[in-house]
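Notes for the one structure printed next.
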């Protein structure tokens, strides 16, 4: 009986480890093998509250904020997406000076080369995996003001499949 429980426990633990590996593969792959990318960032608007991007108040210290990236040219959806608009979007990126930005409108076909973000449109929001950040208490570097004005700089790592991981966020 104990040997059976031991095998069952081993199978359950292996299955859980596999689920964790699948869940963190994209961001982990980006952190380990990704290209460094710096984007302009600010606080994302909250459409259901009538707060458009760029008109946000200073985030309270010790809070998680939703980020927007004005140079990515992501589409904004109001309400439910039609089934034809759902799915994966690819945002090709180009480097201008030290800052990256979208090199054109998001596309439905995976780019054959270059750096790009892989984003999902299953919900009302286009999500690329880089939407939230924890603002630490104290804010000694003026990050809150830079976020509210849309002048913050987000350092990402983007892997060859467009998976992205937000590494740091700082004031310019």
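The values are calculated or read from the model by the stated rules, or taken from the named source; none is laboratory data. Everything quoted here is computed from the prediction, not taken from an experiment. Using ideal geometry, Cβ is built from the backbone for each residue, glycine included, and neighbour counts are taken over all protein chains shown.
Values for this structure:
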{"read-out": "Among the candidates 129, 79, 162, residue that is modelled with pLDDT under 85, on the phi > 0 side of the Ramachandran plot and in a loop (DSSP other than H, G, I, E, B)", "value": "79"}
{"read-out": "Restricting the range 52-69 to residues that are closer than 17 Å to residue 136 by Cβ and in a loop (DSSP other than H, G, I, E, B), the residue that is modelled with the lowest pLDDT", "value": "58"}
{"read-out": "Output for the range 119-172, where each listed residue is in contact (Cβ under 8 Å) with a residue 60 or more places away in the chain and over 17 Å from residue 66 (Cα atoms)", "value": "138, 157, 158, 159, 160, 161, 162, 163"}
{"read-out": "Residue in the range 86-94 that is surrounded by 13 or more Cβ atoms within 10 Å (Cβ to Cβ), at pLDDT 60 or above and touching a helix residue (DSSP H, G or I) at 6+ places or on another chain (Cβ under 6 Å) present", "value": "yes"}
{"read-out": "Residues (within 14 Å of residue 159 (Cβ to Cβ) and crowded, with 17+ Cβ neighbours inside 10 Å) located in the range 95-118", "value": "115, 116, 117, 118"}
{"read-out": "Test: residue in the range 33-45 that is closer than 28 Å to residue 75 by Cα, at pLDDT below 60 and surrounded by 15 or more Cβ atoms within 10 Å (Cβ to Cβ)", "value": "no"}
{"read-out": "Restricting the range 134-158 to residues that are in contact with a helix residue (DSSP H, G or I) (Cβ under 9 Å, 6 or more places away or on another chain) and buried (at least 21 other Cβ atoms within 10 Å of the Cβ), the residue that is farthest from residue 87 (Cα to Cα)", "value": "152"}
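Table: residues versus (1) in a loop (DSSP other than H, G, I, E, B); (2) closer than 24 Å to residue 33 by Cβ; (3) out of contact with any strand residue (DSSP E or B) (no Cβ under 9 Å at 6 or more places or on another chain).
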{"site": "100", "(1), (2), (3)": "no, yes, no"}
{"site": "105", "(1), (2), (3)": "yes, no, no"}
{"site": "114", "(1), (2), (3)": "yes, yes, no"}
{"site": "144", "(1), (2), (3)": "no, no, no"}
{"site": "156", "(1), (2), (3)": "no, yes, no"}
{"site": "167", "(1), (2), (3)": "no, yes, no"}
